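Reading through the structure tokens given below for one structure.
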Amino acid sequence: MGRHYNVLFLCTGNSARSIMAEAILNGRDNPSFTAYSAGSMPTGVVRPEALRQLELAKLPTEGLRSKSWEEFAKADAPEMNFVFTVCDNAAKEVCPIWPGRPMTAHWGVADPAAVSGGPEVVERAFREAFVTLGRRINLFESLPLASLDALAMKKEVERIGQQ
């Protein structure tokens, strides 16, 4: 088995995008990665629309919860290798100093929780965010991480966030 990487997905509320990203990566059964999610100002509730997208994709939802990024800045927290912000607000905030100095990048995804309209409109927004995150995670998983130097890896994970 190769190297193991811990990945933290950040958003402000940790109720939708970061939660979906955590579940998508963990649902892949890729032994190289363990995903986590957190928020700068967690809502304390996971959006039911996000859970629905995960359930439709047959991904586990057990144990998902909205939590503060402070949990991952503590000395006893898992050391992160990658930290991705998935919302513009979190990307602009002053993040904690992460133990181990993980590689960071911004993977901005439109906020489906901010969409108003009928149930079909809201569901479409959550589905689009889910698909975007899934595509980026696919690309991330396909990177030859063990053979990339730090600068090349940084460029690749940033490039993924632009797709």
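The values are calculated or read from the model by the stated rules, or taken from the named source; none is laboratory data. Note that this is a predicted model, so its numbers are computed, not measured. Reconstructed Cβ throughout: ideal geometry from the backbone, glycine too, with neighbour counts over all protein chains shown.
Filter the stretch 32-61 down to the residues that are basic (K, R) and free of Cβ contacts under 8 Å to residues at least 40 places away in the same chain and list them by number.
Passing the criteria: only K58.
Looking only at the stretch 24-40, filter to residues that are in a loop (DSSP other than H, G, I, E, B) and not hydroxyl-bearing (S, T, Y); which one of those is modelled with the lowest pLDDT?
Step one: filter the stretch 24-40 for residues in a loop (DSSP other than H, G, I, E, B), giving 27-32, 40.
Add one more test, that the residue is not hydroxyl-bearing (S, T, Y), and what stays is 27-31.
Working: G27: 95, R28: 90, D29: 84, N30: 88, P31: 89.
Per the stated criteria, the residue is D29.
So if I check each of G134, G118, which one is more than 19 Å from T12 (Cα to Cα), surrounded by fewer than 11 Cβ atoms within 10 Å (Cβ to Cβ) and not charged (D, E, K, R)?
Details: G134 fails: surrounded by fewer than 11 Cβ atoms within 10 Å (Cβ to Cβ).
Testing whether each residue is more than 19 Å from T12 (Cα to Cα), surrounded by fewer than 11 Cβ atoms within 10 Å (Cβ to Cβ) and not charged (D, E, K, R) leaves just G118.
Considering each residue of the stretch 16-52, count those that are surrounded by fewer than 21 Cβ atoms within 10 Å (Cβ to Cβ) and within 18 Å of T132 (Cβ to Cβ), and give that number.
Residues meeting the conditions: 6.
With the requirement that a residue be under 14 Å from the mean Cα position of the chain (by Cα) and in a helix (DSSP H, G or I), what does the stretch 98-136 give you?
Correct list: A129, F130, V131, T132, L133, G134, R135, R136.
So, in the stretch 46-81, of the ones that are more than 16 Å from the chain's Cα centre (by Cα) and assigned to a loop (DSSP other than H, G, I, E, B), which residue ends up nearest to M103 (Cα to Cα)?
A73
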